[in-house]
Amino acid sequence: MALGKYSRVDNNNNNNNNRKSSSSYCSTVTIVIFVGLCLVGIWMLTSSSVVPVQTGNGSAEEKKNQVEDQVTPVTSDNNDSSNTSDFEDNRGDLPDDATKGDANVSLAENDGKGNLNTQENQDNTEETKMDESKKDDEQSASEGGEKSGDNSGGQGDSLENSDDKKSDSDETDKKSDSDENDKKSEENNEKSDLDDGDKKQDESSSENNGDQADNQIEEKVDQNDNKELEKSSDEPKDDGQLKNQSSNEVFPSGAQSELLNETVTQTGSFSTQATESKIEKETQLSSKKYSWKLCNTTAGPDYIPCLDNLEAIRHLPSTKHYEHRERHCPEEPPTCLVPLPEGYKRPIEWPKSREKIWYYNVPHTKLAQIKGHQNWVKVTGEYLTFPGGGTQFKHGALHYIDFIEESVPDVAWGKRSRVVLDVGCGVASFGGFLFDRSVVAMSFAPKDEHEAQVQFALERGIPAVSAVMGTKRLPYPGRVFDIVHCARCRVPWHIEGGKLLLELNRVLRPGGFFLWSATPIYQNKTEDVEIWEAMVELTKSMCWELVNKTSKDAVNGVAVAAFRKPTSNDCYEQRSKQEPPVCLESDDPNAAWNVPLQTCMHKVPVDASERGSQWPDRWPERLEKAPYWLSSQVGVYGKAAPEDFAADNEHWKRVVTKSYLNGMGISWSSVRNVMDMNAVYGGFAAALKDLSLWVMNVVPIDSPDTLPIIYERGLFGMYHDWCESFSTYPRSYDLLHADHLFSKLNKRCNLVAIVAEVDRILRPEGKLIVRDNVETINELENMLKSMQWEVRMTYSKDKEGLLCVQKFMWRPKEVETIKYAIA
């Protein structure tokens, strides 16, 4: 550049003075040397300007602080300071930016404890910034020294300095402007990351939480490791950090930086192995692709894999005992997604749903045609309505329920009697109206010619499962139901030695009632009379006491027979004929998963410390009290069982109250059907007792058998193997809860198939809450995102995570035909 400039001077001299080439060359060299010496002198005189440049940089850093302070209120506008959301497990707060609430639910802000931890993170950030400023100062000084002492580069530096001399006065401003623009760009990137619900951001914000009280998630956090991850990552800081950014941050002088560098070790520009490995794992997970397809089956939108295995049903040797209505699960569970009915809408909320549902959600009219005259269900415009409830209570279930209690006062609905098994439930109106008497009913009926009866029940917001009394035991423990009810349930109790009635005897609590309302009780037809006589003989041999056989009710025109199960073994021992026989001592009445039925009776427990020897406390006292028979046992978490039970109960109270109800962004008024996929003691369900909902408590078959405890508390549930499909219709539940379940299942099941099953049973707009290790949470999050589910909240700490996601209407377009499910 310099040579070009002075070549132009040389040309001017030639034109003006017409000198010779040799003389011109000498003159040019002289001028270049002279100007060069002058510029070197000027540069040496002005070399002290290095210090002002450092000051300029410091000013730019101060301007960055000013910009940061100005941006802070913008990033915190999304939070409502009037609300707080505690993540109970840490006895602290959920991160502000961790949740996306429903439109009508306010998000929560950190409390004092969370802010203390945030301030600690801010101190770490400030310290890092101080070191970075120090290194910049040292680098500038070093570069200045090199320029002063480098003779070979002196001319080039001088000439360049000369060319740039005009802009020296603006250099500091330009740097400041550049820093300001960089800062604004950085803030925009932060906002974008927050909006995208980035998992990394949530993990960074997990520092805002205090100690954890979870029995399963022990919060022993290595603070130093967490700080290293924060300092070396590019993750955006959470709102709490931005909002509380200290205004008195000081960037140290050169001397202070020297001292700080000697006493504090920083990662500097080097990344840590922990960060590198974590990012790589997350990248691998996020890059994994899931290809979902739409299930093509004869059942269509009502597909239940274990009940619609038509290929297996076609090869059954017999259907005499309803084998074709039992579970026949495929060897490999499906991984496709079930289609939605055309015109599907968000279900009507409880309690209106008890009276009517959307027709297009369950578009079946056959039952209305068959049972319309009995007021089961009617088609009314765009609704299906339920004016009566069932064959035995055409004019309303509540009158029928009260009629039973008047006839048998010891029933005492909602006090002595809390948990009911309703056999052959139809559309489950009996169970639906028992809620008005503080009673919960486990209703079941087969998937048979009474098209979609259980699906009607679930759409109405009434608990029910699709099952049949066939060749296997029901999936419930022994001696757990306070009452078993059958209203015209079409079960032949009296045949084959009373095998099916003996199964009811297994699940009925000693002293509990069997309430039977059917035509043999009040009609005089030959067949009815024969059945009644056979039932009387059978129940007498089983030592059941006929407490009352009512006359016809004036309103519904039906009668009820009430039988009571004995509370001792005296009658069994005094029978002249041991038919049906007493089961062997080795026969476990609690063994219920795929166990064949037997024609025998289990003895009644008489030891005061044995379950079933005493009636539970009245409701609601029984909910909070540890069962009397737990005193000599060790609990699931290793403590004495009563202590274990109490700790679990208190834990879930705090989690639900401080986190789930207020910190998840869930509108609980729209939640009715809930399932706890790994219920343990039923603490989650117990904590929700004041809400207008019910919880199906599932105890996996490979988990500790705590289901009897759940029933003793006045709750209900069933056993299940989550490697298979659940016996319910698609779109049955509003909310699913899984506490440390998926990581366990991942060891023996196809996780993709389990997620497809979760999608099948969860309604569109329904929520899934998962608590598990971080690796499982990350895998689930990516899988669910691939199904277009929305991540509402994600949080992790000390290798444990919490995930809340919402399902939507998305369905894949590519179709997969399930050959074994095609008629």
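The values are calculated or read from the model by the stated rules, or taken from the named source; none is laboratory data. Not measured: the values here are computed from a predicted model. Using ideal geometry, Cβ is built from the backbone for each residue, glycine included, and neighbour counts are taken over all protein chains shown. Please note that ligands, DNA and RNA were not included when accessible areas were found on the heavy atoms of the full protein model with its side chains. Shrake-Rupley method; radii C 1.70, N 1.55, O 1.52, S 1.80 Å.
Given the pairs 366/813; 345/813; 653/747, which are separated by over 22 angstrom at their Cα positions? Provide the component values of the computation, followed by the final result.
Details: 366/813 30 Å; 345/813 20 Å; 653/747 30 Å.
Long pairs (Cα-Cα over 22 Å): 366/813; 653/747.
What does the accessible area per residue of the stretch 610-763 come to in Å², with a 1.4 Å probe and no ligands, DNA or RNA counted? Write down the numbers at each step before the final one.
Numbers: 4560 Å² over 154 residues.
Value for the stretch 610-763: 30 Å² per residue.
On average, how much accessible surface per residue is there in the stretch 305-375, in Å², for a 1.4 Å probe, leaving out ligands, DNA and RNA?
Numbers: 3860 Å² over 71 residues.
I get 54 Å² per residue for this part.
Roughly what percent of Cα-Cα pairs across the stretch 619-658 reach past 16 Å? Don't skip to the answer; put the middle values down first.
Numbers: 302 of 780 pairs.
Cα-Cα pairs in the stretch 619-658 separated by more than 16 Å: 39 percent.
Each label point is 7 Å from the Cα along the Cα-to-Cβ direction; what then is the distance between the points at residue 320 and residue 382, in nm?
5.1
Calculate the FRET efficiency for residue 585 and residue 533 from the Cβ-Cβ distance with a Förster distance of 41 Å, rounded to the nearest 0.05.
Numbers: r = 33 Å, r/R0 = 0.81.
E(calc), rounded to 0.05, equals 0.75.
Tell me, what is the per residue accessible area of the stretch 415-564 in Å², probe radius 1.4 Å? Please report the intermediate quantities before stating the final value.
On the way: 4270 Å² over 150 residues.
Spelled out: the 1.4 Å probe surface of the stretch 415-564, per residue, equals 28 Å².
Ignoring ligands, DNA and RNA, please state the percent of accessible area on the stretch 306-413 from carbon and sulfur, probe 1.4 Å.
Working: 2710 of 5330 Å².
That share works out to 51 percent.
Quote the FRET efficiency, to the nearest 0.05, computed for residue 667 versus residue 576 with a Förster distance R0 of 60 Å and r equal to the Cβ-Cβ distance. Mind dumping the intermediate values first?
Values: r = 63 Å, r/R0 = 1.05.
So the FRET efficiency works out to roughly 0.45.
Quick one: pull the percent of accessible area on the stretch 417-542 belonging to carbon and sulfur, 1.4 Å probe, ligands and nucleic acids left out. Don't skip to the end; give the middle numbers.
On the way: 1520 of 3190 Å².
Carbon plus sulfur share of accessible area: 48 percent.
Just subtract the alpha-carbon distance of residue 355 and residue 748 from 0.36 nm times their residue separation and send over the number in nm, one decimal. Don't skip to the end; give the middle numbers.
Working: separation 393, 0.36 × 393 = 141.48 nm, distance 4.26 nm.
Gain in length upon complete extension: 137.2 nm.
If r is the Cβ-Cβ distance from residue 606 to residue 552 and R0 is 41 Å, what FRET efficiency results, to the nearest 0.05? Please list the in-between numbers first.
Details: r = 39 Å, r/R0 = 0.96.
Using R0 = 41 Å, I get an efficiency of 0.55.
Report the full-extension gain for the segment residue 643 to residue 657: residue separation times 0.36 nm, less the Cα-Cα distance, to one decimal in nm.
2.9 nm
Order 383, 344 by their accessible area, 1.4 angstrom probe, all chains in place, largest first. Spell out each step's value before the answer.
On the way: 383 55, 344 25 Å².
Per-residue accessible area, sorted high to low, gives 383, 344.
Could you give the nm distance between label points at residue 366 and residue 488, where each point is 7 Å from its Cα heading toward the beta carbon?
The two pseudo-label positions are separated by 1.9 nm.
When the accessible area of the stretch 647-771 is split by element with a 1.4 Å probe, what percent falls to carbon and sulfur?
Details: 1300 of 2720 Å².
The C+S portion of the solvent-accessible surface of the stretch 647-771 is 48 percent.
Testing the spin-label approximation: label points 7 Å from Cα along Cα→Cβ at residue 345 and residue 29. State their distance in nm.
9.9
With a ≥ b ≥ c the root eigenvalues of the C-alpha gyration tensor of the stretch 488-564, is it rounded (a/c under 1.5), prolate (a/b larger than b/c) or oblate?
Values: a/c = 1.91, a/b = 1.33, b/c = 1.44.
Oblate shape, in that a/c is at least 1.5 and b/c is the bigger or equal ratio.
Please work out how much accessible surface residue 394 shows to a 1.4 Å probe, ignoring ligands, DNA and RNA, in Å² rounded to 10.
80
Please go through the residue pairs 625/797; 472/819; 356/819; 415/447; 289/356 and name each one whose alpha carbons sit more than 30 Å apart in this structure.
Details: 625/797 32 Å; 472/819 27 Å; 356/819 36 Å; 415/447 33 Å; 289/356 41 Å.
From the list (625/797; 472/819; 356/819; 415/447; 289/356), the Cα-Cα distance tops 30 Å for 625/797; 356/819; 415/447; 289/356.
From largest accessible area down, sort 476, 628; use a 1.4 Å probe on the protein chains.
Numbers: 476 0, 628 60 Å².
The ordering from most to least exposed comes out as 628, 476.
Run the numbers for residue 740 and residue 809: contour at 0.36 nm per residue of separation, minus the present Cα-Cα distance, in nm. List each step's numbers first, then the result.
Numbers: separation 69, 0.36 × 69 = 24.84 nm, distance 2.70 nm.
Here the segment from residue 740 to residue 809 would lengthen by 22.1 nm.
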